[in-house]
Amino acid sequence: MLGRVNHVGVATPSIEQWAERYRVLLGAEAVGEPFDLPAQGVRVCFVDAPNTQIELIEPLGEGSPIHGFLARNPAGGQHHLCYEVPDIHRAKAWFEEQGMRVLGEPRIGAHGTPIFFVHPKDMGGVLTEIMESPRGEH
Ligand code: CO
């Protein structure tokens, strides 16, 4: 069902602080420009590692879904893991057929393709993002 790992989501109280550290760790060219994603309640910055991406996420607005996570992890931490799939609707139906808890309807994620999340209790404790492949592989 799952394809390649697209990114590891890391919640942080300060994107600026961690963007700076990743410029040192991976090189300035690896760190993208931060941008707001109001529909998801987060500010996002992609960092390119050689074989995947780190998605830094910072709360955006009072209703941000990551306020609770940062209250439990004030210094930040690994928030989710994202896998690619060729077809988001087929993937959602498959997870539901397994009795796994899909959180909400597919919506446009930070890469501009549809995503949904699967409950961590159904994925070994890991909040899991399922993302339609940006390369349009079917
Ligand atoms: Co993500």
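The values are calculated or read from the model by the stated rules, or taken from the named source; none is laboratory data. Remember, it's a predicted structure, so these values are computed and weren't measured experimentally. Backbone-built Cβ (ideal geometry, glycine too); neighbour counts: all protein chains shown. Note: accessible area is taken over every heavy atom of the protein model, side chains too, but ligands, DNA and RNA are not part of it. Shrake-Rupley method; radii C 1.70, N 1.55, O 1.52, S 1.80 Å.
Here are some notes:
- Some residue of the stretch 60-70 being open to solvent by less than 20 Å² (accessible area, probe 1.4 Å), in a helix (DSSP H, G or I), away from the ligand (no atom under 16 Å from the Cβ) and touching a strand residue (DSSP E or B) at 6+ places or on another chain (Cβ under 6 Å): no
Residue-wise test of (1) farther than 24 Å from S14 by Cβ; (2) among the aromatic types (F, W, Y); (3) within 14 Å of the chain's Cα centre (by Cα).
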residue: G77; (1), (2), (3): no, no, yes
residue: L81; (1), (2), (3): no, no, yes
residue: I130; (1), (2), (3): yes, no, yes
residue: R135; (1), (2), (3): yes, no, no
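- Against the test of being more than 23 Å from V42 (Cα to Cα) and free of Cβ contacts under 8 Å to residues at least 40 places away in the same chain, the options G104, G99, G112 yield a single qualifying residue, G99.
- The single condition among (1) open to solvent by 30 Å² or more (accessible area, probe 1.4 Å); (2) farther than 17 Å from V126 by Cα; (3) away from the ligand (no atom under 16 Å from the Cβ); (4) free of Cβ contacts under 8 Å to residues at least 60 places away in the same chain that A75 does not meet is (4).
- Strands (runs of 3 or more DSSP E) within the stretch 1-56 that include 3 or more residues open to solvent by less than 10 Å² (accessible area, probe 1.4 Å) and at negative phi: 5-11, 42-48
- Residue ID - nearest to the ligand (Cβ to nearest atom), chosen from residues in the stretch 86-111 that are within 20 Å of L37 (Cβ to Cβ) and open to solvent by 50 Å² or more (accessible area, probe 1.4 Å): H111
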